[in-house]
Every structure is written in C-alpha cells, then in structure tokens.
1. Within the set of other residues whose C-beta is less than 14 Å from the C-beta of Leu90, count the net charge using Lys and Arg as +1 and Asp and Glu as -1.
2. Where Lys and Arg each count +1 and Asp and Glu each count -1, what net charge lies around Glu132 among other residues with Cβ under 13 Å from its Cβ?
Amino acid sequence: MKQFDTVTKNFGGNAFFIRPFGAFDAARITGDLSSTLVPLVSGLIPAVSNAKDVDTLSEVAIDYEKLGPSLAESFSMLEGEKIEKLLRTLLVDKNNISVRLEGDRDAQQLTFDIANDIFAGDLQDMFMLAVEVIKVNFNGFFKKLAGRSGAAKSIPKATTNGLASST
C-alpha cells in the first residue's frame, strides 16, 4: 500500500479515511505499539491459542477459565498515559485520518477535538478505529507476534477439503 492510498472504515455513522504513515514514522511507532500491545496480546494468548486458522483467527474457542486471569494480568501491565499517547499517535498526531461526519457532505481532518467529540461516551469505536489504523500500517504484525509466541506453530491450518494440515 502506498502512503497516499486510502482505506475507508465506517463507525458510528461516520466515515473514516485512513492513509498509511510514512515509512520512518511507522518504524518509530512500531516501538510504541510493541511496548504497549505485546504484553496485552501475549497475556491473552493462553485463553485463545486454539484457533484453527491463525491467519484469520477463525473458530477461536475461548477458554473462559483462563480468560479472566489473562485479562486481569494483561490490563495490569498497561498504563493509561501510554494508551493515550499511542491512540493520539495512531489517530490524530500524524494527520493520517480524515472523517466525514454523519450528515456532512465533506470530510475533514480528524483532530484531537473532533475525536474527543466523536468518541465521547463511545470508546469502543475509537479503539476499533485504532485497530484499523494498525491493520493499514502494520499488516501482519499480530500474525508474526502469534508465530513468535510458539502457540501458533502447533495449530493446524484448515484446508479446502476439510482436512487439517500442520504448519
């Protein structure tokens, strides 16, 4: 994907237009992303490590006995200031997102104030938009992370004939 290509995602009646970061910005942001998300994702792997297809995480069976403790441990490692800094970097600091608000004809740059207005009381959409920005900019980040954890290597991939083959 080129730096000026745009991916459109819709949340809460608003259309968001996401452009990739420049290569050097993405390289720097990778460190922030890793230090913030790796503990969270790594903590959740024991509860969801039985996916049939790691590439799409299809048919994930969640081990609810492990999920509670995994979530508690993962979230205890996160600092609010780090999450806020990462969200600002992903969503507004690099001017890589425009938004067409519900009912408007034209898109405008997503700014800190507009993001605060849009996502006040609805943080789920803000996190979903951040995930989409991560997908646009760091394609394969989580697949590679799962592969490095060791859990994904033993998971068979589903094939078109219904038989599993090992990876």
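1. My count for the surroundings of Leu90 gives +2.
2. Details: positive: Lys9, Arg19, Lys135; negative: Asp125.
Combined, the nearby Lys, Arg, Asp and Glu give +2.
Every number in this text was worked out from the coordinates using simple rules, so none of it is lab data. No experiment lies behind these values; they were computed from the predicted model shown. Neighbour counts are summed over all protein chains in view; Cβ atoms, including those assigned to glycine, are modelled from backbone coordinates with ideal geometry.
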